[in-house]
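What follows is one structure encoded as C-alpha cells, with my remarks underneath.
The values are calculated or read from the model by the stated rules, or taken from the named source; none is laboratory data. Since we're looking at a predicted model, the values are computed, not measured. Here the Cβ positions follow ideal geometry from the backbone for every residue, glycine too, while neighbour counts run over all protein chains shown. What goes into the accessible areas is simple: the full protein's heavy atoms, side chains included, and nothing from ligands, DNA or RNA. Shrake-Rupley method; radii C 1.70, N 1.55, O 1.52, S 1.80 Å.
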Amino acid sequence: MGTSVQVTPVCGVYNENPLSYLVSIDGFNFLIDCGWNDLFDPSLLQPLSKIASTIDAVLLSYPDTLHLGALPYAMKQLELSAPVYSTEPVYRLGLLTMYDQYLARKQVSEFDLFTLDDIDSAFQMVTRLTYSQNHHLSGKGEGIVIAPHVAGHLLGGTVWKITKDGEDVIYAVDLNHRKERHLNGTVLASFVRPAVLITDAYNALNNQPYRRGEKENEFGETIKKTLGAGGNVLLPVDTAGRVLELILILEQYWADKSMNYPIFFLTYVASSTIDYVKSFLEWMSDSIAKSFEQNRENPFHLKHVTLLINKTELDNAPDGPKVVIASMASLEVGFSHDIFVEWASDTKNLVLFTDRGQFATLARILQADPPPKAVKVIMSKRVPLVGEELIAYEEEQNRIKKEETLKAALIKEESKASHGADVNVSDPMVIDVSKAHSSPDVAAPHGGKYRDILTDGFVPSSTSVAPMFPFYENASEWDDFGEVINPDDYVIKDEDMDQAGMHVGGNADGKFDDGSASLILDAKPSKVVSNELTVQVKCSLIYMDFEGRSDGRSIKSILSHVAPLKLVLVHGSAEATEHLKQHCLKHVCPHVYAPHIEETIDVTSDLCAYKVQLSERLMSNVLFKKLGDYEIAWVDAEVGKTENGMLSLLPCSKAAPTHRSVLVGDLKMADFKQFLASKGIQVEFAGGALRCGEYVTLRKIGDASQKGGASGPQQILIEGPLCEDYYKIRDYLCSQFFLL
C-alpha cells in the first residue's frame, strides 16, 4: 500500500468558520492552520481541544486571525505543544495581528483568553522556512519532508507540500493565481497529479470577471467622489494582510491624480507593520524586487499615508475630508468600530468594505442587501477606578498579595525540611542538627563528665545544614592550548534577537510604539464601562471585492490542470462546497471528498510503493543526463534482495533488451511559441493549435488538463507538407525534450 493519509476537519467545513484541519500521514499528526474568528468563541475550539495533545507539528499558511488566531489559546489552555512551521512574513505579521487583536479587546473588555506573554510563548515555537525550502522532519516524522510554496492572497501566504515516499499531499486554500501590485500569483498549477490535494470552496460560486485596472480605477473614483462632496471614507481592514495591497493602490492613485486629502492607517501596530513589510521585498512580486534592484525604490516608503497608533492622533488631525484605514475588518472591536459609530449618521460619509465580513459580525450585517437602516452596537471604554471602587480594589490586591506571601513561605519551609531530611550524616562537615546542643554553654554534662563545645562565634540555627559556604569545583576541560571553549556558549540565538526586538508594538529597531506601550505599561486600576447604542445608518455602504482570491472559474481550471488523484474540499458554504464537488467529480477526478467536522476520511493512495536499494555494481554503469534540476537515466536491472532482506536492483544477468527512445519533458505551447518567435518564425494560436509559418501546425493532445485528469503520455502532432519549415520546426520541437 501507499503512504497512509487521513484527513479530519477540526473547524471550517460547510461554512465560513475559521480554518483548522488534522492531517495524519503514517501516524504523524499535522495540524494545518489553527484559526479563530473575531468573535473569539471558545465553543469553536471544542474539536481542537480533543486532539491538541496528539498533534506532532503545526503548519500555518497565512498571517490572519482565520488561520492562526487560536494558536496562543491552544498552547496555553489546550495542551498544544508541537513545533510550528511558517514563512517569515507569516511569523512576523501574524505576531503583530495577534498583538493588535489583544490590545483592541483589552481596551473594551476584561479579555482573559490569552495574554501578550501567551502570544510571545506561542510564536517562540515557530520555525521559519523560505519558499521551496525542503525541511526534513526527524524522530516520529522521519522520512517526511515539508515545503512552503507561493500561494498569493497575503504576504507570506503558503501552499504546503508534504512528501512521504514520493507521494505528495498538498494543502492549498485561499489561493490567488493573479499577480497583484505586491504579490505574485500562486504556483499551485506547477504541481501535477499529487496523491492528495486539500483545497477550499470559498469562492466556488463567484465568477465575476477580473479587470484589475478598471477595478482599481473604480475604487479610487468612488473614494474621490465622497471626498469631493465633503465626506469621510472609512476602510475597515485586517491588521497586516490585504491592507498592504490597498495602501499601494491608494498611494498610486493619489500620485496619479495629485490629490492632497489625508490618508491615515490606524492600528495599534501600524508603524511596526510597515517597518517589517519594508524588509520583506524578496517575498513580494517580481516587479517590486526588480524596481528595488534597479532604482532602490521601496514602495512601502509611504508618501501619502500617515501611520497612527491611537485614536487621539486622529481626533487631533485637521478637520476636513479624510480617508481612514482602520482595523478590525469585522467592525466588532478596534478603531474601525468606534469610527463607524461616529460617522454612520452623516449621509456624506462612506464605509467601503473590501472583504466579505465574517459570519455574525457587524460588517456582515451591514453588507446585507438591502442594508439595515439602524444597528445596535455596544460602546465600551476603560476608565480608571476612583473612590470606594479604588479602595476596594486595593484591599483585594493586598489580601491576594498576603495570601501569596504566606503560601510561598510555607512552600519554602517544606522545602527546607525535606532538604534537611536528606542530609548525608556521614559527611564530617555536616552537623546533625537533631543532635546538636541547643544551649551555647561552653560545657555540659556528658556521661558523668563535662565535654567542651566550640561554637566559634555563632550558634547554628535549627535548620542549618553545613557550617561552611558552598564550593563548586571547576570541572572545565583543558588541552594543550588551554581551556576547551564551547562555541555554542557565545552564539546569540536568532530567537533571543527576535524577542529583544519584538516587544509589543515595537518597530523593527525594537522601539515601542508610544500608544501601545502606554496601554501595556499603564498599571493604574481600571474598569470597563459599556452601554448599548442604536446607530442610525445614513452613510453610504459599498462592497468592492479586493479579497485577493481566485474566482470559481479559475479554481476549476487550476484543479483540472493539477488533476490530483484524490481531492478533499473544505471551507466554504454548503452550497459552494456541493457545487464544486459535483463539478470535480465530473471534470477533475473520481475521488472527491467533503468531510464534516470530526469526520475522518481515509485518502490513502491506491498505488503500491516499495523502497529499493541501488547496488554499486548497477550504478557504476549508469549514464545520467541533466534534466533541469535533476539527472535522469534509463536503467535495466533485476530485482534481488540484500542480506538484511531489503529489495535491491542488480545488473541484468543477461543482455538487456533494447527499448524505444523516450522523450522526457513537459512542453508548454505558450513557451514554445516564444521560442519559435525568437528564431524568426511567425507563430500564432488559432483554434487551439499553434500555427508556425505558412504551412505547419502543432497540436497538443493527451493533455491531462483536457481529459478530466486522465493519465497518459502527451502527444504533439505536427501537421503540414514535408518541406524545409516542417523539418526545421520538428528539430526545434525535439530540442525541447530530453532523449533517453
If the cut-off is 15 Å between C-alpha atoms, which aspartates and glutamates fall inside it for residue 225, apart from same-chain ones fewer than 8 positions away? 216
Ordered by packing density, taken as the mean number of other Cβ atoms within 10 Å over each peptide's residues, highest first, how do 374-380, 193-199, 664-670 rank? 193-199, 374-380, 664-670
Identify all aspartates and glutamates with a Cα-Cα distance to residue 373 below 19 Å; exclude those on the same chain that are fewer than 8 residues away in sequence. 332, 338, 342, 346, 532
Straight-line reach from residue 412: which lysines have a Cα under 29 Å away, not including same-chain ones fewer than 8 places off? 76, 401, 402, 435
Give, as a single signed number, the net charge of other residues whose beta carbon lies under 10 Å from the beta carbon of residue 90, with Lys and Arg counted +1 and Asp and Glu -1. 0
Counting Lys and Arg as +1 and Asp and Glu as -1, what is the net charge of the other residues whose Cβ lies under 12 Å from the Cβ of residue 565? -1
Can you count the Lys pairs in the range 251-359 whose Cα atoms are under 16 Å apart, with each pair 8 or more apart or on different chains? 7
Solvent exposure ordering (accessible area, 1.4 Å, most first) of 617, 382, 105: 617, 382, 105
If packing is taken as the average number of other Cβ atoms within 10 Å across a peptide's residues, how do 690-696, 408-414, 287-293 rank, most packed first? 690-696, 287-293, 408-414
Where does each of 22, 71, 307 land when they are ordered by accessible area, with a 1.4 Å probe and the largest first? 307, 22, 71
Report, in whole Å, the centroid distance computed from the Cα atoms of the range 342-371 and the range 518-579. 14
Placed amide H near residue 326: partners under 5 Å, 5+ positions off or other chain: 235, 237, 266
Among the listed pairs 140/611; 50/407; 161/611, those beyond 29 Å (Cα-Cα): 50/407
